[in-house]
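Reading through the C-alpha cells given below for one structure.
The values are calculated or read from the model by the stated rules, or taken from the named source; none is laboratory data. Quick caveat: nothing in here was measured; it's all calculated off a predicted structure. Methodologically, a virtual Cβ is constructed for each residue, glycine included, from the backbone with ideal geometry; neighbour enumeration extends over all protein chains shown.
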Amino acid sequence: MSADLPYRDPARPVEERLEDLLSRMTLPEKVGQMLQLDARGDLDDVVSTKLAGSILHTAPADMPRAIELAAATRLGIPLLTADDCIHGHSFWPGATIFPTQLGMACTWDPDLVEQAARVTAVEVSATGIHWTFSPVLCITRDLRWGRVGETFGEDPHLIGELGAAMVRGYQGDGLTDPTAVLACAKHFAGYSETQGGRDASEADLSRRKLASWFLPPFERAVREGCRTFMLGYQSIDGVPVTANGWLLDDVLKEQWGFSGTLVTDWDNVGRMVWEQKVCADDVEAATVAVRAGNDLVMTTPAFFEAAQEAVARNLLEEKQIDEAVRRILRVKLELGLFENPRPPDRERQAAVIGSAEHAALNLEVARRSLVLLTNDGTLPYAAGPAGASGVT
C-alpha cells in the first residue's frame, strides 16, 4: 500500500483523509465496512470476501492473521476489533475481573469505578482489542429480567455518573493513547423494561417514561464523550429500536448532538425478519436499518448482499451508506489504526494482565462493594433499634 496516498498520511486532517478514502471505495467495500462479524467463523470469508470493517470474539491465535488479511485488501483498511469486556477482560485467562456493575454501584464511588475501567482498558488493549461493549446503562426495575447483575441498579442519576466514570476510564486521555479503548453505552434504550422480564421482548414504554427514566444515563454518556452506542434488541410500540428513527436520529443525534458510531446488537437486523417480523426479507431489513441511522451491523452476514441489492433497487441511495461509513472510518482514524493496527503485545500482556497492582485495586473494589443488609452478630455494633439494617 503506497504511503503517499492522502488517506495514509497521518499529517493530514482526519476529515481530509476520510473523504479521500471514501472517494476510492466501491459499494461492496463500503457495505463491508458496515459489517461486524463473528471472527470464530471463516476469517477469509469474513475479512477477504465480505470485507468486514469490524470483528468480535476473536481467538488470540487468530488476531495476527485477521490483521494481515485486512492489510492485504485493496485499500488496506484496518479492522476494528471488539469484545464484551464489561467488568474486566473475561475472555482472557488470568485477567483482572472486577465485581459486576451492580457490585461496583454499591461502592457509590465514581473515582473507584473509573480506576477499574482504566485497568480493564490497559489489559484489554494489550490483547489487540480496540473496543469494549461497556458500560451497561440499563435501569433495573424488574428483577425477573435476567441481566440485572450487569447494571448499575435502579437510579438514573447514579447509573449516569458511574457510566460516565467508566467512559473516562476506558477512553483515557484520548483515543490516540495505545491503552485507550472505545467505550460503548448500551443497550439504547429501554431494553430492561420488557414485558414479564423476558429478554429482548416488547417494551411497553411511553416517550415520557423513556425521557424520565431510561434516557438520562445515555445522555450523560454523550456529554462524557462516549464514542459508540449499542442498540437494544427490543421493540417499543411494535417498532424495533434498530428501526426507531425518533430515538436514533431525533433524540440521540439531533437533540443530544451525538456524532459517534452506532452498532446494533447481535443480529438485530436479521431479527427484524425472523423474529419481530416487521420486514419481509433481508433487503427490506437492510433498507430500514440504514435509513434509521445504524452504522455497524453486528453478526448479520446477509446484510452484505442485501444492502447492495437495496441500492441496486433504488431503495437506498449510496450517499446513505456513505454517511454510516464516514462515522466508522472516522473512529478508526481517531484511534490511529492506519498507522498502528494495535496488534496483540505479548510483552505488555506479561507486564499488565493480572498484575499485583491491578489485583490490589480489584480487592479494594470488592471490599467497597460489600453491603451489610442485617447485622446478625456479624459486626460488633452497639445495640440499637431492633431490625436496623443498611440497604443499597
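Among the residues of the range 327-385, write down those that are of a type in the set (Val, Ile, Thr), part of a loop (DSSP other than H, G, I, E, B) and within 28 Å of Gly153 (Cβ to Cβ).
Hits for the range 327-385 are Val371, Thr374, Thr378.
Which of the residues that make up the range 48-64 are within 17 Å of Val31 (Cα to Cα) and of a type outside the set (S, T, N, Q)?
Hits for the range 48-64 are Lys50, Leu51, Ala52, Gly53, Ile55.
For (1) exposed (fewer than 12 other Cβ atoms within 10 Å of the Cβ); (2) out of contact with any strand residue (DSSP E or B) (no Cβ under 7 Å at 6 or more places or on another chain); (3) of a type in the set (Lys, Arg), each residue gets a yes or a no:
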{"site": "Phe303", "(1), (2), (3)": "no, no, no"}
{"site": "Phe338", "(1), (2), (3)": "no, yes, no"}
{"site": "Pro343", "(1), (2), (3)": "no, yes, no"}
{"site": "Ala350", "(1), (2), (3)": "yes, yes, no"}
{"site": "Leu361", "(1), (2), (3)": "no, yes, no"}
{"site": "Arg367", "(1), (2), (3)": "yes, yes, yes"}
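Every residue, every condition in (1) outside any loop (DSSP other than H, G, I, E, B); (2) closer than 17 Å to Ala183 by Cα; (3) touching a helix residue (DSSP H, G or I) at 6+ places or on another chain (Cβ under 8 Å), yes or no:
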{"position": "Leu262", "(1), (2), (3)": "yes, yes, yes"}
{"position": "Val273", "(1), (2), (3)": "yes, no, yes"}
{"position": "Thr300", "(1), (2), (3)": "no, no, yes"}
{"position": "Glu323", "(1), (2), (3)": "yes, no, no"}
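For (1) in a loop (DSSP other than H, G, I, E, B); (2) hydrophobic (A, V, I, L, M, F, W, C), each residue gets a yes or a no:
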position	(1), (2)
Arg65	no, no
Thr107	yes, no
Ile129	yes, yes
Ile139	yes, yes
Gly149	no, no
Phe152	yes, yes
Glu161	no, no
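Looking only at the range 82-119, which residues are buried (at least 19 other Cβ atoms within 10 Å of the Cβ), of a type in the set (Val, Ile, Thr) and out of contact with any helix residue (DSSP H, G or I) (no Cβ under 7 Å at 6 or more places or on another chain)?
none
I need the full set of residues from the range 38-52 which are buried (at least 16 other Cβ atoms within 10 Å of the Cβ) and part of a loop (DSSP other than H, G, I, E, B), in order please.
Passing the criteria: Ala39, Lys50, Leu51, Ala52.
How about the range 232-245: which of its residues are among the hydrophobic types (A, V, I, L, M, F, W, C) and either part of a strand (DSSP E or B) or free of Cβ contacts under 8 Å to residues at least 12 places away in the same chain (or both)?
Residues satisfying the conditions are Ile236, Val239.
Listed here are the residues, each with its yes/no results for (1) under 30 Å from Met34 (Cβ atoms); (2) touching a residue at least 24 places away in the same chain (Cβ under 8 Å); (3) of a type in the set (D, E, K, R).
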site	(1), (2), (3)
Cys85	yes, yes, no
Trp92	yes, yes, no
Ala117	yes, yes, no
Ala121	yes, yes, no
Ser125	yes, yes, no
Ser134	yes, yes, no
Arg147	yes, yes, yes
Thr151	yes, yes, no
Pro156	no, yes, no
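Specify which of the listed residues (Phe218, Phe229) is under 30 Å from Gly174 (Cα atoms) and part of a helix (DSSP H, G or I).
Answer to the selection: Phe218.
Asn340 fails exactly one of the following numbered conditions: (1) touching a Ser or Thr at 6+ places or on another chain (Cβ under 9 Å); (2) at pLDDT 95 or above. What is the number of that condition?
Evaluating Asn340 over (1) touching a Ser or Thr at 6+ places or on another chain (Cβ under 9 Å); (2) at pLDDT 95 or above leaves (1) as the failure.
For the subset of the range 167-192 comprising residues that are aliphatic (A, V, I, L, M) and either at pLDDT 95 or above or over 15 Å from the mean Cα position of the chain (by Cα) (or both), which member is farthest from Glu339 (Cα to Cα)?
Top of the filtered list is Ala185.
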